[in-house]
Every structure is written in C-alpha cells, then in structure tokens.
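Let me begin by presenting the structure, written as structure tokens, before commenting on it.
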Amino acid sequence: MLNYLKYFLLCNLLISISLSANAQLTNKINKILNATCLDDKQTSVSIVAASDGESTYAYNIFKPLLPASVMKIITTAASLHYLGPEYRFKTKVLYNGKRSKHTIQGDLIMRGGGDPRFSTETLWHIATQIKDSGINKITGDLIIDSYFFDEYDRAPAWKIDRTQKPYDAKLGALSLNFNAIAVHVLPGNQTGNKLNIWLDPAPDYIKLINKTKTIRRGKNTIWASRRKSNDILGQVEILVKGRLPIRSKEKTIRLNVENPSRYTIETFRLLLQKAGIEIQGMTKIATAPTNGTELYSHLSEPLSLVLKELNTFSNNFTAEQIIKTIAAERFGTPGSHAEGLKLVTDFLRIINVNDKGIAIVDGSGLSRKNLMTTKAITDLLTAMYSKFDYGPDFINALRVLGTNGINSKRLSDSPAKGQIRAKTGTLRKVSTLAGYVANHSGKVFSYALFLNNNRCGYWKADKIEDKIVTAIYEFSGD
C-alpha cells in the first residue's frame, strides 16, 4: 500500500511538472506573438511531438495561409515517395541512320529527362566521351528531344509576364545551368576603356552589346538585359551598360534564357565542335519523340542529393522540374504540372495529412495562390519522421541551422544551434519556417510557423521565428 502511494504521488508530481512546463512554453510563445508587427488573424503556429504528433502548442493551425517556400518540403516528401531517394534523372544521346567507322551518317539526338542540375561541365564531359568513342563527324542534324515534359515552360499559376532574373527561369526537359546564363564583367586596362565582358557558356546565337565604361572611382552601376535581335537568324542580344571602378573585382550577372531548348542544344553544338567533332547539318528541336540507337547515357546524382541542394538554395526551378518529372514517371510522357500536382495532393492523403482548406498550385511556393495550414505541415513532418524507407533522406534534405554550412548561419547565436532542421520561406509580407528541433533533453518536435501579412520586415520576422524555435529547444516538458 505504501509503495502504491509513493507511485501515485510521484506520477502526480511528474504530471504537475509537465503541466507547468507546458504553461511556461505557451506563455513564452504567446508573448513572442504579441509583436505589434504581426497580424493576429494571419499568424499560425503548430508545434507537435515528432514521434506521435501530440500537440504541444497550437495557434490558428487550421487557417489556410501562404506557405511561401515551405511548400518545397511537400515537393521534397512527395518526390521521395513517388521516385525514391536513389532516382536519377537520365539524359541520353542517340543517333539515327548508321555509324561508319568515325562518322555517323545521320542525325545526333539529345533526349532530355528533366535533370534540374544539368550543367556546362556535364555537357562538356558528354562531348568528350563521344569524341573518345571515335566519332569525328555527324553528317546530319543536331536534334533536341524534349518530349519528357509538355510545352508549358512555367507553373500554370505563375504570372505570364516573366522577369529576366534567374529565380524566374523557364522549365524544360533538357535544361542547362538552371536555364540561366552568366555575364562576366571586369574593368578595362585603363580609365575610359570599355569593360571586359564575356559569356559562360557562349553559344554563337547570343551576341554581347558592350555599352560600358571603366572609371577611376565611383559606384558600380553595371546591369544587363536580354533582348531579341532584328537579325533574320534569330540571334539574341545581351545588352550590358553601366560603369565600374578600375580596381573592382570580377562581377557576375545572371539572366535567365528565353528558349531553354535552343540554349542547351546550341551550347552542345559549340562543345562538340571544341571537342573536334564536325556537324554538317542544322540544329533542330523535335516536336515528337525521336527514336535512335543509344550512344551515351548520363545519370544525375541521386535524388536525395538533388533535394538537399533544392532546400539549401530554395531553388524554384528545381522544385518545378521535379513536379513534372513525378508526372512523367507515373503517368507517362509528356509530364505536366496538372498531373504532378494531383499526385502531390494524393500523397498527402496517403500519409494522412489533414488537407482541409489547402490549395497546391506549384511545387516551389512562388505563387501567392498556394494555401497551406500549419496543421498540414506538422502532420507531414510527423509522418515523415517515422518512415524508415525514405524518412531519413527527407530529414537530411533540410538545412541544419546555426552551423557553418551554406545558408545555415541563422540561429548561430541560439543555444539551439545545430539542433534545428528547417526550411525557410519568404514572399512580400510573408515569412515562414518549418522543420524539426530537438530540445536539450533530445526530444524532437515538428514545427510550422506562418507569419502572413506581417509588417515586420525580413530581419524582424526571422527574429520572431528564431525566438519560438529557441523556446522549443529550451522546453523541458513531455
């Protein structure tokens, strides 16, 4: 009887301590959310135990709000479900006609497979491999087959009018350098000279117009813009204007490209020629799948590594390429956003995410037509935390905040540094953060913080979120 009484008293003591800790966390977060720059009705916070989803703190958790780039963690999870962490994007080189010793008597075809990280370095490697295989001449045309995706080069919910900024790059089954081109700028040899400018890569159809000047001192006023030429060959001009002080270091300006397929295949032609392969025909873009004999196949890095980069740099282009790839692999080519987003929505239901009130219109979160709840996000995080097959890959795809990694210095002064996995999100008057944090006892919590319609500015909104995450780390309740 005495032992039972001791056990009963101990249980009550532990419950009392836990309730007290919960009250302390609630009071601390409530105080943080009292910031005058926040809109109470457009703010939402969900914190749950990652192991079982038990709620620790909830505020407006069923309110549909803009998730911004936190949407990318949904794309990340869905892609692991449908494609698997070892999935690799495939880019193939084929030929039709026949091969006679060192000559291909026919066309050379490059078939895209949606690779979002396909680069000039990879393209050069392919060109040299073809040369090393003994090919010196192509008598036919150089053809690009981009049928893996449909013809829409943007998420349907995005604005039709596009900027020339890299984050607004067009999509394509065969894309290069995130469909952006780099304009490099260095001062001239002396004051008054034009600046030294060059492209990387530098396909023949793109022409540089240099209207710049090297100055002794002053501000960097360099800018660049892309425009169509009046040339009958369909050249594209990049106009570079402005001034740069003579002691300045090299500057790089990146612009997205107007026609990703042309950019990729024209760069491939340039690199094949540099490798010593003669191409006698024209450059063409196929409008239907093109068959042929496989000459070379390139596989990307595993999807798990692609997703790590996606979330580290919050790359919109990569997210949307993945959405269309899911569709192409599940429903067949050409892959479309409509089919890909339907699969993402189906996935949320499969893992029992509460999808009431949500709307998913892209994979990156760039559109302001997306709607998500913090409840849905913490449901997703909790479901992924317990999955053995690809849950670890999902967690690893999120940045560790407070460390010395790329884009990971945020919260470096917090006692929680190194204990936080997170995806950030930012749009005008919107700041979001979601992921996992372990408290100082090692218990892991899933959290989602949405600050919509805030007047805080980027820095202050970040600080509010950082205080909440730190409070979770310091939480000692169970």
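Quick notes
- Summed over the stretch 437-473, the residues that are in contact with a Pro (Cβ under 9 Å, 6 or more places away or on another chain) and either of a type in the set (Ser, Thr, Tyr) or outside the structural domain of Gln42 (by TED's automatic domain parsing) (or both) give a count of 2.
- Residues in the stretch 371-392 that are surrounded by 24 or more Cβ atoms within 10 Å (Cβ to Cβ) and either at pLDDT below 95 or basic (Lys, Arg) (or both): 1 in all.
- Identity of the residue in the stretch 91-103, in contact (Cβ under 8 Å) with a residue 60 or more places away in the chain and among the β-branched types (Val, Ile, Thr), that ends up surrounded by the fewest Cβ atoms within 10 Å (Cβ to Cβ): Val93
- Comparison of Ser408, Ser414 shows that the only residue that is in the same structural domain as Tyr59 (by TED's automatic domain parsing), in contact with a Phe, Trp or Tyr (Cβ under 8 Å, 6 or more places away or on another chain), hydroxyl-bearing (Ser, Thr, Tyr) and part of a loop (DSSP other than H, G, I, E, B) is Ser414.
- Test: residue in the stretch 174-187 that is over 30 Å from Asp115 (Cα atoms) and over 29 Å from the mean Cα position of the chain (by Cα): yes
- Ile29, sole failed condition from (1) touching an Asp or Glu at 6+ places or on another chain (Cβ under 9 Å); (2) not in a loop (DSSP other than H, G, I, E, B): (1)
- Residues located in the stretch 328-365, provided they are part of a helix (DSSP H, G or I) and either among the hydrophobic types (A, V, I, L, M, F, W, C) or within 21 Å of Lys63 (Cβ to Cβ) (or both): Ala328, Phe331, Ala338, Leu341, Leu343, Val344, Thr345, Phe347, Leu348, Arg349, Ile350
- Some residue of the stretch 156-164 being within 16 Å of Lys90 (Cβ to Cβ) and either free of Cβ contacts under 8 Å to residues at least 40 places away in the same chain or hydroxyl-bearing (Ser, Thr, Tyr) (or both): no
Matching residues to (1) part of a loop (DSSP other than H, G, I, E, B); (2) among the β-branched types (Val, Ile, Thr):
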{"residue": "Thr91", "(1), (2)": "no, yes"}
{"residue": "Gly114", "(1), (2)": "yes, no"}
{"residue": "Phe118", "(1), (2)": "yes, no"}
{"residue": "His125", "(1), (2)": "no, no"}
{"residue": "Ile143", "(1), (2)": "no, yes"}
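Every residue, every condition in (1) over 29 Å from Asp393 (Cα atoms); (2) in contact (Cβ under 8 Å) with a residue 24 or more places away in the chain; (3) out of contact with any Lys or Arg (no Cβ under 7 Å at 6 or more places or on another chain), yes or no:
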residue: Ile61; (1), (2), (3): no, yes, no
residue: Ala78; (1), (2), (3): no, yes, yes
residue: Glu86; (1), (2), (3): no, yes, yes
residue: Asp115; (1), (2), (3): no, yes, yes
residue: Thr120; (1), (2), (3): no, yes, yes
residue: Gly134; (1), (2), (3): yes, yes, yes
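- Residues that are crowded, with 19+ Cβ neighbours inside 10 Å and either part of a helix (DSSP H, G or I) or of a type in the set (Ser, Thr, Tyr) (or both), drawn from the stretch 272-298: Leu272
- Any chance Ala58 is at positive phi and of a type in the set (A, V, I, L, M): no
The values are calculated or read from the model by the stated rules, or taken from the named source; none is laboratory data. Because the structure is a prediction, the values reported are computed rather than measured. When we count neighbours, we look across all protein chains shown, and the Cβ atoms used for this are built from the backbone with ideal geometry, even at glycine.
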